[in-house]
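> I'd like to ask you about the structure that follows.
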Amino acid sequence: MDEIYGGKGEISSLPITPRSSAMAPPIPPISAPPSQFHSPSLSRSPLLLESPIHQEKSLSTNIHTPNAKTPNSRLSLTPRFLTPLGSPVRKIIKMTKLETHHDDPDNWLPLTESRNGNAYYAAFHTLCSGIGIQALVLPVAFTILGWTWGIISLTIAFSWQLYTLWLLVQLHESVDGTRYSRYLDLFTAAYGGRARKIIATVPIVYLSAGTCIALIIIGGSTMKLIYQTLCAGTCSNPKPLTPTEWYLVFTCVAVVFSQLPNLNSIAGVSLIGAVTAVGYCTIMVVVSIIKGRIPGATYDPVDESSDVLKIFGQLNGLGIIAFAFRGHNLVLEIQGTLPSSEKYPSKVPMWRGVKLAYAIIAMCLFPLAIGGYWAYGHMIPENGGMLSALFAFHSRDTSKTVLVLTGSAIVVNAVCSFQIYGMPSFDDMEQRYTNRFHKACPWWVRVLTRLFFGFINFFVAVAIPFLGSLAGLIGGLALPITLVYPCFMWISVNKPKPHSAMWYVNWGLGILGIALTCILVAAGFFTVINTGIKVSFFKPK
């Protein structure tokens, strides 16, 4: 367990942040512990202001005092991976001001306010963000690519994503010992603020706010399906809720849970989201296999009228697979919640959590894609994928309990995913407040900003309910964040020896990713223009 929690040395090796000379108070020259890592928030923890004698005294007090409360206290009888389910809720009910640590701006912000996470937290967050509604459309890509190229493309995308995720975990604190707990901060350190504004900000904003919009659409639509399944002509309500009203119900639930203060505090929520994601993936695969292939299911490639249409169609299929692999904009943020020191760097527990999470992700995505394509073939609906297929083809030969349980798992997972994908936006809004007023956000400002974020997303979801039809195009636009930028950031930051193995691998994958991004975006636009989509602004269905 010492490897996971950081051992006894972590008591005096909490993550710290550097402070500019203008902000730091005058201190006598002392020998600061070399084990401290810092983050780009321009402030330093007072732990460095203590003399070695005081540090030794503090360490002794923390170890021998029964009531000492430290992030790594071994005297707590509650397992650490269960604590997020309790204390944040008490803080919300009491509406107390969140505890801040000294004058470090990082300790005022949701992403870095709490750094007492561990490998379990990292696994919960990674799993919740790695499996989601985007996985439900993977069989649709197989209808375009076929068996062979579908499996090959899925395997390559999974391996490529796992490799670039490893790069980000290693890069988290590789720049002069600085901890980069936000994707955009690391990108800025590698390429500067101008490049950040031009090529990184828009994809990152989409992966945060855009995903929350998609979650509102799928969550509200699934609530409607659950209601229709339960009623099935037996309900006496003459006027059921409209799709817009179902979107509003989902948004209200998501906004209530979004009041949890920081990324560490939603570890329990992420655990629930991960469990429900594994649950509905398992149910869909099992039902599809038990019920067998539906009549009329075929696997023959779609015959296009020209070679150009065929090529662009296959590229759009690759874009759908790319759409399913996202969440890299959260890797550095998740790692930023872990304590770190030179002896126990955060990359060790983070990578352990990632390996566990991605083993489970692989066991969900591959059976879902292969089993779904086997069961439905070209009959699988393009919008909704496995969810729509389950209710369309098995609503009569499957019990209501199974259908409602599956739909409920999707809704719960969508609510939980909303929290982790929305956290970067919450952090950005609160950072603007702290930069202007030089203090932590009071609880009422935090509540208002998150209410604003939730209902702005609700408005966009109602205005653009056909967002799911653009999966291939959106996958191409978001692909650089996942597969391209980490490779180039590794080269810029670590500067591997020219013509070495890592130099060739990262340059090759980066260039290939750029070319693939351009092609997929062009194919996505072509497919949308050629096949058309049912544009229905402010008319959710």
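The values are calculated or read from the model by the stated rules, or taken from the named source; none is laboratory data. What you see is a predicted model; the values in this text were computed from it and never measured. Here the Cβ is made from the backbone with ideal geometry for all residues, glycine too, and neighbour counts use every protein chain on show. To get the accessible areas, we keep the full protein, side chains included, count just its heavy atoms, and leave off ligands, DNA and RNA. Shrake-Rupley method; radii C 1.70, N 1.55, O 1.52, S 1.80 Å.
> Do we find a residue being surrounded by 17 or more Cβ atoms within 10 Å (Cβ to Cβ) and touching a residue at least 12 places away in the same chain (Cβ under 8 Å) anywhere in the stretch 302-313?
Looking only at the stretch 302-313, we keep the residues that are surrounded by 17 or more Cβ atoms within 10 Å (Cβ to Cβ), and these are 312-313.
Checking the rest, the ones that are also touching a residue at least 12 places away in the same chain (Cβ under 8 Å) come to 312-313.
Yes, because at least one residue in the stretch 302-313 is surrounded by 17 or more Cβ atoms within 10 Å (Cβ to Cβ) and touching a residue at least 12 places away in the same chain (Cβ under 8 Å).
> Output the number of the condition that Ser114 fails; it satisfies all remaining conditions of (1) touching a helix residue (DSSP H, G or I) at 6+ places or on another chain (Cβ under 6 Å); (2) within 21 Å of Ser258 (Cα to Cα); (3) not in a loop (DSSP other than H, G, I, E, B).
So Ser114 meets the others, but not (3).
> Here is a further query. Quick one: would you say Leu145 is in contact with a helix residue (DSSP H, G or I) (Cβ under 8 Å, 6 or more places away or on another chain), in a helix (DSSP H, G or I) and either modelled with pLDDT of 90 or more or open to solvent by less than 10 Å² (accessible area, probe 1.4 Å) (or both)?
Values: in contact with a helix residue (DSSP H, G or I) (Cβ under 8 Å, 6 or more places away or on another chain): yes; in a helix (DSSP H, G or I): yes; either modelled with pLDDT of 90 or more or open to solvent by less than 10 Å² (accessible area, probe 1.4 Å) (or both): no.
It is false that Leu145 is in contact with a helix residue (DSSP H, G or I) (Cβ under 8 Å, 6 or more places away or on another chain), in a helix (DSSP H, G or I) and either modelled with pLDDT of 90 or more or open to solvent by less than 10 Å² (accessible area, probe 1.4 Å) (or both).
> Oh, and also: For Ile410, work out the one condition from (1) of a type outside the set (D, E, K, R); (2) closer than 23 Å to Ala324 by Cβ; (3) open to solvent by 20 Å² or more (accessible area, probe 1.4 Å) it doesn't fulfil.
(3)
> Please list, ordered by first then second residue, the pairs with beta carbon atoms under 8 Å, 6 or more apart or interchain, first in the stretch 241-253 and in contact (Cβ under 8 Å) with a residue 24 or more places away in the chain, second charged (D, E, K, R) and loosely packed, with under 15 Cβ neighbours inside 10 Å.
Matching pairs, first to second residue: Pro243/Lys541.
> Kindly indicate whether Ala297 is of a type in the set (A, V, I, L, M), surrounded by fewer than 23 Cβ atoms within 10 Å (Cβ to Cβ) and farther than 30 Å from Ala463 by Cα. Quick ask: steps written out before the conclusion?
Values: of a type in the set (A, V, I, L, M): yes; surrounded by fewer than 23 Cβ atoms within 10 Å (Cβ to Cβ): yes; farther than 30 Å from Ala463 by Cα: yes.
Yes, satisfied.
> Moving on. Residues Leu241, Leu248, Leu184, Leu225: which one is open to solvent by 20 Å² or more (accessible area, probe 1.4 Å) and not in a helix (DSSP H, G or I)? If you could, list the steps in order and put the result at the bottom.
Working: Leu248 fails: not in a helix (DSSP H, G or I); Leu184 fails: not in a helix (DSSP H, G or I); Leu225 fails: not in a helix (DSSP H, G or I).
Criteria check complete, one pass: Leu241.
> If I ask for residues that are in contact (Cβ under 8 Å) with a residue 12 or more places away in the chain and of a type in the set (Gly, Ala, Ser), which ones from the stretch 376-423 would you list?
Answer for the stretch 376-423, where residues must be in contact (Cβ under 8 Å) with a residue 12 or more places away in the chain and of a type in the set (Gly, Ala, Ser): Gly377, Gly384, Gly385, Ala389, Ser395, Gly407, Ser408, Ala409, Ala414, Ser417, Gly422.
> Look through Thr155, Thr126 and report the one residue that is open to solvent by 30 Å² or more (accessible area, probe 1.4 Å), of a type in the set (Val, Ile, Thr) and assigned to a helix (DSSP H, G or I).
Thr155
> Would you check if Ile420 is open to solvent by less than 10 Å² (accessible area, probe 1.4 Å) and touching a His at 6+ places or on another chain (Cβ under 7 Å)?
In short, yes.
> I want to confirm something. Restricting to the stretch 504-536 and keeping residues that are open to solvent by 60 Å² or more (accessible area, probe 1.4 Å) and at pLDDT 90 or above, which single residue is nearest to Ala195 (Cα to Cα)?
Checking each candidate, the answer is Ile514.
> Out of contact with any Gly (no Cβ under 9 Å at 6 or more places or on another chain) and not aliphatic (A, V, I, L, M): which single residue out of Thr143, Thr148 fits that description?
Going through Thr143, Thr148 in turn, just one is out of contact with any Gly (no Cβ under 9 Å at 6 or more places or on another chain) and not aliphatic (A, V, I, L, M): Thr148.
> One residue is enough: does the stretch 333-340 have a residue meeting the conditions at pLDDT 85 or above, open to solvent by 30 Å² or more (accessible area, probe 1.4 Å) and under 26 Å from the mean Cα position of the chain (by Cα)?
Start the filter on the stretch 333-340 by keeping residues that are at pLDDT 85 or above, which leaves 333-340.
Now narrow it down to the ones that are open to solvent by 30 Å² or more (accessible area, probe 1.4 Å): none.
For the stretch 333-340, residues at pLDDT 85 or above, open to solvent by 30 Å² or more (accessible area, probe 1.4 Å) and under 26 Å from the mean Cα position of the chain (by Cα): absent.
> Given the conditions (1) in contact with a Lys or Arg (Cβ under 7 Å, 6 or more places away or on another chain); (2) at positive phi, report the number of the one that Ala232 does not fulfil.
For Ala232, the failing item is (1).
> Take the residues in the stretch 371-401 that are among the aliphatic types (A, V, I, L, M) and either over 29 Å from the mean Cα position of the chain (by Cα) or more than 23 Å from Cys128 (Cβ to Cβ) (or both), then tell me which one is modelled with the lowest pLDDT.
My answer is Ala392.
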